[in-house]
Every structure is written in C-alpha cells, then in structure tokens.
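First comes the structure, then the notes that go with it.
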Amino acid sequence: MRPYILAESNWKSLKDQEVELAILPWGATEAHNYHLPYATDVIEGTSIAEEAGRLAWEAGAKIMVLPTIPFGVNTGQTDIKLDINMHPSTQAAVLNDVIEVLDRQNIHKLLILNSHGGNNFKPIIRELGVRYPDMFISFCNWFQSLDKSQFFDHPDGDHADEMETSLVMHLRPELVRPLDEAGDGSARQFKIGVLNENWAWAERKWSEVAEDTGVGDPRKATEEKGKAYFEAVTEKVSQLFIDLANADIDDLYE
Ligand SMILES: [Zn+2]
C-alpha cells in the first residue's frame, strides 16, 4: 500500500495522516489513432501522478493522490464511436463536490493534474475560488511542462502523437498495436487561416480534421523515448507537488 494514494489507503492509517495537498488527475476516454487505447489520457495522468507522488512523498511532502476522473471534454468528437464527453458544467459540479469535502476537512490545497487538451479548468477554478475562499485551487498540464523537441523527432502533434505513443509503450506496452498499423496522424487546417493561429479559436470537428483520429505522426515512437520523457516529466511535476504542499497560502507572493 502506498500511503500517498487514496485508492490504496485504509481508514486505519489515513485517519491520523496529515494531508496538505490533494492531487486530482483528470483524463479522458477517447479514440487515440488506431494503435493506442481509449484510456491513454487516464493511463498517462494516473502514472505521472503516482510516480511524481512517490518522489514528492519521499521528499517529505504531505500529499494525497485522488482517483483519476476518467471522462473529459470531448464536445468536438460527438461522432467518434464511444468517445465519452463530460461537459464543462458537469466537470464544475464534480469539482465542486470534491472541493466541498476538502474544504470542510481543512485540506485547503488542490492541484488538478490535467491529462487532456480539451479540458479547460481556468474558468471553473475562478468560479469555485469565489465560492471557497479558503481553498487554493490550481491545475497543471503535464504535457506542456517540457520542450517536446528535446525528446521526440515529431514534437508538433497534440493527440496520439509520438510523445503519447512512446509514453504508453513505456507504461503499458501490451496495449499498443504494432506501429505499422498506426495512421500517420496528419491533420487538416482551417481554411480561415487566422483560426490556425494562436490568437483566434474555434473548436475543431475532429472527424473532419483527422483521418485516423490522431494529430501528430506517431511512427518514430519508442519505449526508450517514453521512459526518458516519463522520468523528466515526473521529476518536474513532483517539484510542483512539493512546492504546493510546502507553500503557505497566506504568504504566496514575494
Ligand atoms: Zn491523449
């Protein structure tokens, strides 16, 4: 039993355990090209939270990793078979209920470890911050924590790409189809060119953008790249866990 993972903990050890920071991994259940499992974002988020949690725990941080929420925002994939969409308003309701428990029990720091690009917690956190003024609520996107070009030949993808494929090859190799079965992950761009820039935005209709549901070429992925990236990401994320756990939320600014 790992005492920093709620799903493995028991009442006997937990009832007197001090918890400074709760960590909530949040994934999605969706198609990932032809070769990766629907749980890809859940596998990644859970594994990164658990390993970063281990590193933080061993450094003395009083943390607790909560069970991963398996459904994310998939509003652009309504026609892709069994992509399970959880609306942002439902996410807000789920978060409210988790935070209500934490707040009542004087665990005033929460970090959402986001594992899915369609999830956007900023407006939700702003609103819940007003409702729970004693809480310090934050989120991080682990997939943006490092420069992918240091690790991968095709770093520009964002879904079922070389990075995600390498990670799952490292974490759950038995769930990855042979790479010669994977699509090339090529994606179409908006004809309205500005919508491809980062100052204007519209949701992409996934089935019209990507032939194989992937965005980013996965075919240079290897288990070794996945291992190196996983170790670097978990190291970086664990430092955030430690800093948040040790922070005085009444004295955050210098
Ligand atoms: Zn993914």
Single residue of M163, M135 found to be touching a Leu at 6+ places or on another chain (Cβ under 9 Å) and either aromatic (F, W, Y) or at pLDDT 95 or above (or both)
M135
Can you tell me which residue is surrounded by the fewest Cβ atoms within 10 Å (Cβ to Cβ) among those in the stretch 14-49 that are among the aliphatic types (A, V, I, L, M) and more than 16 Å from the ligand (Cβ to nearest atom)?
L14
Candidates I107, I99 - the one that is among the β-branched types (V, I, T), part of a helix (DSSP H, G or I) and modelled with pLDDT of 95 or more
I99
For the structure I just gave you, tell me whether T78 is exposed (fewer than 13 other Cβ atoms within 10 Å of the Cβ), touching a strand residue (DSSP E or B) at 6+ places or on another chain (Cβ under 8 Å) and closer than 21 Å to H159 by Cα.
yes
Looking at I84 and the list (1) touching an Asp or Glu at 6+ places or on another chain (Cβ under 8 Å); (2) aliphatic (A, V, I, L, M); (3) more than 15 Å from the ligand (Cβ to nearest atom), which single condition is not satisfied?
(3)
What is the one condition in (1) basic (K, R); (2) modelled with pLDDT of 95 or more; (3) closer than 23 Å to F121 by Cβ that R204 does not satisfy?
(2)
Top-ranked residue of the stretch 164-181 - restricted to ones that are in a helix (DSSP H, G or I) and under 19 Å from E211 (Cα atoms), ranked as nearest to the ligand (Cβ to nearest atom)
E164
Do we find that A202 is within 16 Å of the ligand (Cβ to nearest atom) and either more than 24 Å from V65 (Cα to Cα) or in contact (Cβ under 8 Å) with a residue 12 or more places away in the chain (or both) in this structure?
no
Filtered residue count, the stretch 10-38, keeping only those that are part of a loop (DSSP other than H, G, I, E, B) and within 22 Å of the chain's Cα centre (by Cα)
11
May I ask you to verify whether D103 is among the acidic types (D, E), within 15 Å of the ligand (Cβ to nearest atom) and surrounded by fewer than 23 Cβ atoms within 10 Å (Cβ to Cβ)?
no
Answer with yes or no whether K191 is basic (K, R), more than 16 Å from the ligand (Cβ to nearest atom) and either surrounded by fewer than 21 Cβ atoms within 10 Å (Cβ to Cβ) or without any contact (Cβ under 8 Å) to a residue 60 or more places away in the chain (or both).
yes
Just for the stretch 125-145: of the residues that are of a type in the set (A, V, I, L, M) and crowded, with 16+ Cβ neighbours inside 10 Å, which one is farthest from the ligand (Cβ to nearest atom)?
M135
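The values are calculated or read from the model by the stated rules, or taken from the named source; none is laboratory data. As the structure is a computational prediction, the values presented were derived from the model and not from experiment. Ideal geometry is used to build each Cβ from the backbone, glycine not excepted, and the neighbour counts take in all protein chains shown.
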